[in-house]
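Asks: Following this message is one structure expressed as C-alpha cells.
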C-alpha cells in the first residue's frame, strides 16, 4: 500500500519548468533565474514573457460592461474585494490566458473605486502593468519609485511551486477545462486565510504594538499564550525566505523615497524584537522573517488598504497560474490521486 502523506507533503504531483523552491537551501528560481536577480530588475512584462513566451497586451486591459455592472452590484453590497474578483473573473472575454492577467488590475481598481464611491478611471495603455494597477486604484499616474516597488513585488510572488492555488489551477487544467475555470478555482483557494491572508495580520501586529518600547511585552505575551507570530517562519523554508530579502530591500528603497518612515522604523524594530524572542522561545527552530512581513510593509508604503493585500497578490500570482495552466494542458494528464478509506465497514442496512 502506498504511504499516505497528510497535505501531500513531499509528494511530487507535477513536473514544471516554471519555478524551483528549495526550502532547505532557502532559494527560489523563477524560470531558471534566482528571484533576487530577476525580481528587482525586470519589468513585469519581461517576467511574463519568460513564463508565457508571449507578450502582454495593454489593449486587453479593458473589461466588459457586464463585468463593471456586476462589480457595481457587489460594491452596493459591500462585498470584500477578493469576493468581487472571484465573481468578476468568470465574466471576462478571454481568448488567451494573458487576457486574464491584463484584466486583473482593471477589475480590482474598478471595484475599489466603486466601493469607495468614486468613478472608475479609464484604462491607459501607455502605462506599464504595475503603473496601470496603481493608476486604476488612485486615478493618478504613479512615480517611478512607486511603480518599481510594486513591480518588484509582483515579480517576486508570481510563482512559487505547487502551492494550494497553483495546484488547484493545475487540477482544473488537467480536466481540459478553460483557463477562466482554472483561474477562478485558484482564486477560491487563495481566498482561504491559510494561503492568501497572512500579510494583513503581519501588519496588524505592528500597529497593535504601536511604539518600539512596547514590542518586547506584547510579543512575549503572544508567545507565552501560544500564539503564532504572523510574518515569521514558513512551512517550506527552513532557513531564510529569499523573497523576504528581495522585498526587504524594495521596502527600504520605497520608504526612503517618501513613504511614512516612522512606520518602517517601527516595523523593523518589531522584527528585531520578534526574532530575538522567537530564538529564546524556540531555540530548536529557525524562524526567520518571511515574505508576508515585508509584503505588508511594502504594500502599506504604497498606500494600499489591507483589504487589497490578497487581491494585489493575485495580480502577481495570476501569471504563475496561467503559465501552469498552459504547462499542464501541454504536458500533463488528468490529476487523479487516490484516497484512503478510514470509515466503518460491514454495516448492515435496515430499511
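Asks: Given Cα positions, please report Rg to Rh for region 1-67, the hydrodynamic radius being the Kirkwood one.
Replies: Rg/Rh for region 1-67 comes to 1.15.
Asks: Could you list 300, 135, 279, 195 in order of exposure, starting from the residue whose Cβ has the fewest other Cβ atoms within 10 Å?
Replies: Values: 300 25, 135 21, 279 12, 195 16.
In increasing order of surrounding Cβ atoms, one gets 279, 195, 135, 300.
Asks: What are the radius of gyration and Dmax of region 199-301, computed over its Cα atoms and given in Å?
Replies: Considering region 199-301 through its Cα atoms, Rg and Dmax are 13.0, 40 Å.
Asks: How would you classify region 282-326 from its alpha-carbon gyration tensor, with a ≥ b ≥ c the square roots of the eigenvalues: rounded for a/c under 1.5, else prolate if a/b is greater than b/c, otherwise oblate?
Replies: On the way: a/c = 3.68, a/b = 1.32, b/c = 2.80.
It comes out oblate by the Cα gyration axes.
Asks: Using a Gaussian network model of the chain with C-alpha springs under 10 Å, which one of 294, 341, 33 is most mobile by mean-square fluctuation?
Replies: Looking only at 294, 341, 33, the biggest GNM fluctuation is shown by 341.
Asks: Obtain the nm distance between the two label points defined at residue 65 and residue 41 by a simple spin-label model: each point lies 7 Å from its Cα along the Cα-to-C-beta direction.
Replies: Modelled inter-label distance: 4.7 nm.
Asks: Using R₀ = 56 Å, calculate the FRET efficiency as 1/(1 + (r/R₀)^6) where r is the Cβ-Cβ separation of residue 331 and residue 214; round to 0.05. Could you put the intermediate results ahead of the total?
Replies: Working: r = 53 Å, r/R0 = 0.94.
After rounding, the FRET efficiency stands at 0.60.
Asks: While we're here: Length gain on complete extension for the stretch residue 126 to residue 272, per 0.36 nm per residue less the alpha carbon to alpha carbon distance? Write down the numbers at each step before the final one.
Replies: Working: separation 146, 0.36 × 146 = 52.56 nm, distance 4.17 nm.
Full extension from residue 126 to residue 272 adds 48.4 nm.
Asks: Oh, and also: Please report the spacing between the Cα centers of region 139-215 and region 238-303 in Å, no decimals.
Replies: About 17 Å separates the Cα centre of region 139-215 from the one of region 238-303.
Asks: Let me ask something else about it. How high is the relative contact order of region 199-301? Use alpha-carbon pairs under 8 Å, at least six apart in sequence, and give a whole percent. Can you show the working numbers first?
Replies: Details: 113 pairs, mean separation 48.3, N = 103.
Relative contact order for region 199-301 comes out at 47 percent.
Asks: Turning to a different aspect of this structure: For 179, 239, what's the fewest-to-most ordering of other Cβ within 10 Å of each Cβ? It would help to have the intermediate numbers written out before the result.
Replies: Working: 179 23, 239 14.
Exposure proxy ranking, most exposed first: 239, 179.
Asks: Turning to a different aspect of this structure: For the chain, set up a GNM with springs between Cα atoms under 10 Å and report which of 134, 115, 254 has the largest fluctuation.
Replies: Comparing 134, 115, 254 in a Gaussian network model of the chain, the most mobile one is 115.
Asks: Using a 10 angstrom cutoff on alpha carbons, build the Gaussian network for the chain and name the most mobile of 152, 289, 27.
Replies: 27
Asks: Where does each of 331, 126, 6, 204 land when they are ranked from fewest to most other beta-carbon atoms within 10 angstrom?
Replies: Details: 331 11, 126 8, 6 5, 204 14.
In increasing order of surrounding Cβ atoms, one gets 6, 126, 331, 204.
Asks: Here is a further query. Taking 8 Å as the Cα distance limit and 6 or more residues as the minimum spacing, I'd like the relative contact order of the chain as a percentage. Could you put the intermediate results ahead of the total?
Replies: Details: 492 pairs, mean separation 83.8, N = 351.
Computed over the chain, the figure is 24 percent.
Asks: Regarding region 295-351, what is the average projected area of its C-alpha convex hull, in nm²?
Replies: Numbers: hull surface 37.2 nm².
Mean orientational projected area (region 295-351, Cα hull): 9.3 nm².
Asks: Cα-based Rg (one decimal) and Dmax (whole number) for region 48-113, in Å?
Replies: Expressed in Å, the Cα Rg and Dmax of region 48-113 come to 12.4, 40.
Asks: For the chain, what does the helix formula give at 222 nm: sum of -39500 (n - 2.57) over DSSP H segments with n ≥ 4, over the residue count, nearest 500 deg cm²/dmol? Each step should come with its number before you reach the end.
Replies: On the way: 16 runs with 192 residues, N = 351.
Helix contribution divided over all residues of the chain: -17000 deg cm²/dmol.
Asks: Where in region 138-177 does the label zone of residue 117 land, with the point 7 angstrom along Cα→C-beta and an amide N cut-off under 19 Å?
Replies: Flagged as within label range: 138-139.
Asks: Still on this structure, please answer the following. May I ask for log10 I(q)/I(0) of the chain at q = 0.08, 0.09, 0.11 Å⁻¹, from a Debye sum over the Cα atoms as equal point scatterers with solvent left out?
Replies: At q = 0.08, 0.09, 0.11 Å⁻¹ the computed log10 ratios are -0.41, -0.51, -0.76.
Quick note: the coordinates plus some simple rules give every number you see, no bench work behind them. For clarity, every value in this text was computed on a predicted model and none was experimentally measured. All Cβ positions, even for glycine, are placed from backbone atoms using ideal geometry, and neighbour counts span all protein chains on display.
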